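Everything on this sheet refers to the single structure shown next.
Nothing in this text is a laboratory measurement; each read-out follows from the coordinates by a stated rule. These numbers were taken from a predicted model, which means no experiment stands behind them. When we count neighbours, we look across all protein chains shown, and the Cβ atoms used for this are built from the backbone with ideal geometry, even at glycine.
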């Protein structure tokens, strides 16, 4: 369970997400690009002690929060990346709301709905396109190495871009549809290779490199630019 606490640091209010973790070995104070400030309390440490620790780090916390890039909600006028290219969201008046609510056209994402519905429509559009694109590419990549995909799911994890289960089920972050195609293809290749090699040994990386180029460049892009994708929505 988690609960939000507000810390006042010299007149600047910082919202702090407080949660307990049986796996934590010490009090952990961190700033997540997507979730903001977090305080993790390990077993055996009281909530009062943990909050006192956070208060002692308040200035550091305030400075780290100030460095975070601003959130970019899905709304009219916002600029969002689609396959690595910027697109401006534009809310329009449509006549066929059931079949043409969102469409991509000439550097814009046109959303034909009530202004209040824009965030949900755009979020749904991204998830649908991500599922269709990633599922198709995963099956094609698996065919190339003689593997089989059981199913493909789309989620919004905080730290992982994809996963592969022992049963052959793949899961991907819908935010990959914002990344450049060659980065998305790397993540697909990474998880597809796990269908055969459930480790990160030499054989695994040979299979990844058989499927895509620019492996090192894609991994670097995800480390440096991937966190920015969590600003959107």
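If you plug the beta carbon distance of residue 46 and residue 205 into 1/(1 + (r/R0)^6) with R0 = 41 Å, you get a FRET efficiency near 0.35. Among 169, 193, 141, the residue with the largest mean-square fluctuation in a Gaussian network model of the chain, with springs joining Cα atoms closer than 10 Å, is 169.
Starting from the Cα gyration tensor of the stretch 161-207, take the square roots of the eigenvalues, sort them a ≥ b ≥ c, and report rounded, prolate or oblate (rounded when a/c is under 1.5, otherwise prolate if a/b is larger than b/c, else oblate). Here the stretch 161-207 falls in the oblate category.
Mean-square fluctuations from a GNM of the chain, with a 10 angstrom spring cutoff on Cα atoms, peak among 191, 181, 49 at 49.
Working from label points 7 Å from Cα in the Cα-to-Cβ sense, the residue 24 to residue 57 distance is 0.9 nm. For the stretch 122-143 versus the stretch 1-60, the inter-centroid distance based on Cα atoms is 36 Å. For the chain, the share of DSSP beta bridges that are antiparallel, to the nearest 5, is 60%.
Projected onto planes of every orientation and averaged, the convex hull of the alpha-carbon atoms in the stretch 126-231 covers 5.9 nm².
Comparing 158, 219, 48 in a Gaussian network model of the chain where C-alpha atoms under 10 Å apart are linked, the largest mean-square fluctuation is found at 48.
Write down the Å³ per residue value for the convex hull defined by the alpha carbon atoms of the stretch 29-184.
On the way: hull volume 27.4 nm³, N = 156.
Once divided by residue count, the hull of the stretch 29-184 is 176 Å³.
Express in % the proportion of alpha carbon pairs of the stretch 1-59 at distances exceeding 19 Å. Spell out each step's value before the answer.
Values: 382 of 1711 pairs.
When every Cα pair of the stretch 1-59 is considered, 22 percent fall beyond 19 Å.
P(r) tail for the stretch 51-94, what percent of Cα pairs lie past 14 Å?
Numbers: 634 of 946 pairs.
So the pairs more than 14 Å apart make up 67 percent of the total in the stretch 51-94.
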